[in-house]
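Each value in this text was obtained by applying a stated rule to the coordinates, not by laboratory testing. The shown structure was predicted, so the numbers you read here are calculated from the model rather than taken from an experiment. For neighbour counting, all protein chains shown are included, and Cβ atoms are generated from backbone atoms with ideal geometry for every residue, glycine included.
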Amino acid sequence: MKKGVLIDIAKALLLARWRQTMVAAIGVTFSITMFITLLSFMHGLNDLLDGLILNRAAHIKLYNDIKPNANQPIKAEKAFAGKYHFIHSVKSDASKQAIYNSAAIMQSLSKDSRVMGYAPKLTAQVFFNNGSTDITGVLNGINPAEEIRLFHFNDYITSGKAIDLQREMNTIILGKGLAEKLLVNLEDVIQLSTSKGDRFQLKVVGIFESGLRDLDNVQSFTSINTVQKVLMQPNNYITEIDVKLKDINWAPAMAKEYAQLYQTDAEDIQTTNSQFETGSKIRSIISYAVGITLLVVAGFGIYNILNMMIFEKMDSIAILKATGFSGKDVKQIFIYIAISIGIVGGLAGLLFGFILTSIIDQIPFITPALPTITTYPINYSIDFYIIGISFSLITTYLAGWFPARKASKIDPVVIIRGK
Amino acid sequence: MSQIILEAKNITKYFEDPVRVRVLNDINFSVNKKEFVALTGKSGCGKSTLLYVLSTMDTDYEGDVIIDQEAMPKKDEGFLAKIRNEKIGFVFQFHYLLNEFNVLNNVMLPGLKLAKLSKEEVEHRAYEKLKILGIEQLALKKANQLSGGEKQRVAIARALINDPHIIMGDEPTGNLDKKNSDLVFDIFKKLCAELDQTLLIVTHDPSFAERTDRIIKMEDGRII
């Protein structure tokens with residue numbers, strides 16, 4: 001009942017000055033609109049740029065690094081036990097590049113409930129023969145079905161089909177730059193040779209474009225079996241297992257665990273791609289800062305308008321107090337006014353923000369670097385809307401609080417006697 | 001002996017700015033129920049100041065104000081607001097109606113604030129009060145569409161809405177012409193005679209004061 005009266009008075013005061021009220025609300029609307037748009041667009045871009053790398057990257061990469069054996073023979077000699085060993089000209093041990101016991105590791109991974117999936121991999125350095133010139137390239141042996149499922153491999157195939165690698169023997173997908181250099185197209189047959197001099201002929205079933213030119217100039221993909229044949233290795237020869245987790249944040253801890261468990265090197269995505277996260281973070285901070293600045297400016301607008309309203313309505317405040325409304329009631333009236341400007345302006349801002357982002361989402365954005373993107377990227381996360389409305393309520397509350405306190409302290413005697 | 005509604009005990013007040021001046025000097029008096037009292041005196045004698053002290057709006061004084069057997073605290077702003085709401089009705093020289101509301105809502109506001117009755121009941125009472133003052137036909141007009149005399153009558157209706165113990169007036173006829181002044185005076189007289197309403201009216205109009213039950217005259221901050 002009592003609250004109802006205060007709200008009625010707040011409403012009457014608001015409507016009596018509806019133009020000013022509108023200006024204040026539009027200020028909030030504008031700032032929330034820009035806040036939503038800015039954050040949605042910025043995060044859309046972040047997702048896009050991160051996706052460029054992170055979609056394709058394994059959360060944990062299991063491999064054997066080329067490095068000197070940790071157990072040098074001198075360790076076995078009891079005479080030097082406990083002493084510090086100086087050994088010169090230690091050479092890296094290349095024989096262990098294959099992951100030992102890979103079949104067992106993969107079996108254990110598929111039982112791990114934290115793992116979304118894994119894809120074994122094998123790479124070989126090869127020369128693509130193009131008439132009299134040889135072009136150096138990298139031949140990746142992959143499991144196409146798993147690569148498509150886990151690492152969005154299909155997104156980067158501009159012509160042909162990735163799954164054909166699995167369906168047909170002796171097939172290859174070439175990077176776009178590589179295909180251009182070799183002057184080949186789909187269904188053409190290319191010849192490659194290994195460092196040991198063996199020659200192989202493979203049919204092109206697809207063209208791959210990652211958006212990173214350097215990669216497209218050297219990379220090519222084929223099935224694991226083909227690479228094993230090229231390298232003359234048995235069919236359990238795997239040099240890398242890419243693991244994708246259900247939650248990317250588990251990667252650092254699980255990488256350590258796997259390194260222990262499987263006796264391989266394990267690298268997590270956070271270590272490999274730390275620079276991307278930094279970039280995303282800074283972009284987010286900038287957009288939040290700009291958005292909040294806009295809101296604060298809108299808050300000052302509300303502050304001004306309420307101050308003016310209080311100045312104009314001095315008499316009304318005085319009589320309200322004389323007839324029994326306490327300072328607290330008067331304060332509440334002005335807080336209601338501020339909050340209702342915040343709610344109306346804020347909700348309108350959310351709506352306009354959504355509309356504006358939807359429009360941006362329709363603007364064509366075609367770049368050869370990003371074959372799957374056709375319009376500007378937008379992230380429609382509900383979080384921005386929640387943050388937006390909360391901030392609009394907080395700023396309008398604060399903007400209303402100071403004038404409201406002033407109004408509550410008005411001495412009715414001074415005003416009534418002043419007439 | 002009739003019941004005492006309002007009592008002033010040893011009230012002394014100073015104005016500090018620009019120099020310390022004693023505006024009220026040890027004032028003692030009481031107002032009984034059903035009394036129609038006029039507080040008169042020359043301009044600047046402190047009669048309005050006294051009224052604001054008695055009304056609880058001004059708390060910067062020494063001594064005690066006792067309303068309905070209860071001494072008024074000086075600090076508790078919320079409590080004093082409640083007392084003003086429930087036990088005191090005000091009529092000022094200027095009407096102080098809220099232009100955003102119509103006449104009926106203006107009258108209802110203190111009643112809604114008190115919240116003892118439902119909105120419908122308060123509305124019903126507001127109509128009754130307007131009827132007593134003969135302005136019920138104006139109920140749905142906006143406050144700024146009324147004439148001066150009508151506004152003052154609405155202000156009186158507003159003062160009556162919570163059936164206060166006492167109505168205090170600060171020069172309620174000061175802004176009105178002779179005809180409207182008489183009208184307002186007659187209303188006060190009627191309220192006192194027919195509804196047992198207690199009234200304490202500050203005025204410097206001798207013809208107004210003479211017609212009341214009792215005149216309290218002030219000079220230089222004292223009652224004489």
Estimated distance in nm for a label pair at A:ASP383 and A:LEU261, the labels positioned 7 Å out from Cα along Cα-to-Cβ | 2.8 nm
Near B:LYS217, which lysines are there with a Cα under 22 Å away, not counting those fewer than 8 places off in the same chain?
-> B:LYS9, B:LYS13, B:LYS33, B:LYS34, B:LYS42, B:LYS47, B:LYS189
Amide proton proximity set for B:ILE27, modelled H, under 5 Å, gap of 5+ = B:ASN10, B:ILE11, B:THR12
Angle in degrees between helix A:18-54 and the longest Cα principal axis of chain A, rounded to the nearest 10 = 10 degrees
Exposure proxy check on A:HIS43, A:HIS88, A:HIS152, A:HIS59: fewest-to-most Cβ neighbours within 10 Å is A:HIS88, A:HIS152, A:HIS43, A:HIS59
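Given a cut-off of under 8 Å on Cα pairs at least six residues apart, what relative contact order in percent is computed for chain A?
Numbers: 677 pairs, mean separation 113.8, N = 419.
Here the relative contact order equals 27 percent.
Given C-alpha coordinates of the protein assembly as shown, what is the ratio Rg to Rh with the Kirkwood estimate of Rh?
Numbers: Rg = 43.6 Å, Rh = 32.5 Å.
Rg/Rh for the protein assembly as shown comes to 1.34.
About the Cα centre of the protein assembly as shown, what is the dipole size in debye to 20, counting +1 per Lys and Arg Cβ and -1 per Asp and Glu Cβ, all else neutral? Mind dumping the intermediate values first?
Numbers: 72 positive and 68 negative charges, 164 e Å.
Roughly 780 debye, rounded to the nearest 20.
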Report the one residue of B:ALA81, B:LEU176, B:PHE92 whose Cα lies farthest in the direction of the positive end of the charge dipole of the stretch B:72-224 (charges on C-beta: Lys and Arg +1, Asp and Glu -1; origin at the Cα centre).
-> B:ALA81
Counting alpha carbon pairs within less than 8 Å and at least 6 residues apart, what relative contact order, in whole percent, applies to the stretch A:260-419?
-> 38 percent
The helix B:103-114 Cα axis meets the longest alpha-carbon principal axis of chain B at an angle in degrees, between 0 and 90 and rounded to 10, of 60 degrees
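Return the percentage of antiparallel bridges among DSSP beta bridges fully within the stretch B:70-216, rounded to the nearest 5 %.
Working: 1 of 10 bridges.
Of those bridges, close to 10 percent are antiparallel.
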Positive minus negative residues near A:GLU209 (Lys, Arg vs Asp, Glu; Cβ under 10 Å) | 0
Taking chymotrypsin sites (Phe, Trp or Tyr not before Pro) as exposed when DSSP calls them loop (any state but H, G, I, E, B) and at most 16 other Cβ atoms lie within 10 Å, what is the longest stretch of chain A free of them, the sites themselves excluded?
-> A:101-364
